[in-house]
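Worksheet for the structure shown next.
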Amino acid sequence: MTAPDEGDRLERLAEQNEHQSWADYSSVNRVHPLLSRYIASYTYSIGCLRERDSKLITRAYPTIMTQIYFEFYGGLSEIRGEAHGFGQGAGTRREAIPSAERTSQGTVIEKRTYIKQGLGSWFDIYQLACEEQSRPIKNLKVDLYPMALYELFQCAPKELAGEDLQLADLLGHTTTSLMLEEMEATDSGEELIRIVERYFLQHTWQQVKQQRLEIDSRRSATSDKRHAINPKGFTPPLPKGEESLIQQAERYNKSKRWLQKRYDEVYGMSFKQIQSNLRFQGAHQKLWLTLARRQPISLTELAYRCGYFDQAHFIKDFKRYTGMTPGQYLKTNFDQQSQYLWYW
């Protein structure tokens, strides 16, 4: 779809929803194959909010993904919860405070970017009260695979836990400023994604060139090419099913202790934490799909299908990750309409 066509489509959406909130919302997979190792998906929302009162938008659950958030019309939301992974301690509350930046035309625009790493706890997102009749929204979320910080930005996730990370911490202030200025100028979700991909590709190519230079340098320093590549470059894969750390260590001919340390370095979490989170995500996805289709479900059967020892372990794990039991989750008004995420 060309930019003018997409602009016309957004205008039609606005006209059709003249007196109520609306959003052009979509979640899409990455486009460029070179980024497939690092970027899992993009989610954008562009539209208008007409509710003026504070209200709960949604409850967000833990994920092993590193998430980069772009909010171009700031001050819309508030995060409430404990240990949610946004550089705040347990029991704290984070308000969405936008940063102001002046464009080349002299216009002051409000926008913010921030990064959530890996595992945290569930948290609630609230829409802030506002005196305005309507508020524009334009947001983008980029889901990065959990090894992206380590491989793409040479950041040790565990060392950054609790830090209040912004995009400029990864790409630098100059690159980030140019990137955000381009994103600010478009009202197309697809164009937002194209801009992000272009800058990420540029950064990725720079990393590839740098790594090639380092490898060539090491090769020239020794005649034994078996030692040309640093063995610490090994990235362990995400756990599969009920595979144990010992089984993985045997498969890759590593010691259990070395492999566990490598998971901490690359992913910022232990093998057991990753495996537990993946098991919960699989169970939650199946539960959500069943709920969305309004089909009957057996929690005992679901627990066994997702690798839990029994239903009691499943319920305990589910409550730890969501703050409610599966039964409470089903009874709560979590239908497709209430899960419509204009922001998250």
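The values are calculated or read from the model by the stated rules, or taken from the named source; none is laboratory data. Quick caveat: nothing in here was measured; it's all calculated off a predicted structure. Ideal geometry is used to build each Cβ from the backbone, glycine not excepted, and the neighbour counts take in all protein chains shown.
Before moving on, here are some points about what is shown:
- Unique residue being under 17 Å from the mean Cα position of the chain (by Cα), at pLDDT 80 or above and outside any strand (DSSP E or B) when the list is Ile68, Ile64, Ile79: Ile64
- Checked against (1) among the hydrophobic types (A, V, I, L, M, F, W, C); (2) closer than 30 Å to Gln20 by Cβ; (3) modelled with pLDDT under 85, Val142 passes all but a single condition, namely (3).
- The set of residues in region 26-57 being buried (at least 17 other Cβ atoms within 10 Å of the Cβ) and out of contact with any Lys or Arg (no Cβ under 6 Å at 6 or more places or on another chain) consists of Arg30, Leu35, Tyr38, Ala40, Tyr42, Tyr44, Ser45, Gly47, Cys48, Ile57.
- Just one of (1) in a strand (DSSP E or B); (2) closer than 18 Å to Leu149 by Cα fails for Arg59. It is (2).
- Looking across region 258-278 at every residue that is in a loop (DSSP other than H, G, I, E, B) and of a type in the set (Gly, Ala, Ser), the one that is surrounded by the fewest Cβ atoms within 10 Å (Cβ to Cβ) is identified as Ser270.
- Subset of region 242-253 [loosely packed, with under 10 Cβ neighbours inside 10 Å and either assigned to a helix (DSSP H, G or I) or on the phi > 0 side of the Ramachandran plot (or both)]: Asn253
- Tyr304 passes every criterion in (1) assigned to a helix (DSSP H, G or I); (2) hydroxyl-bearing (Ser, Thr, Tyr); (3) crowded, with 18+ Cβ neighbours inside 10 Å apart from (3).
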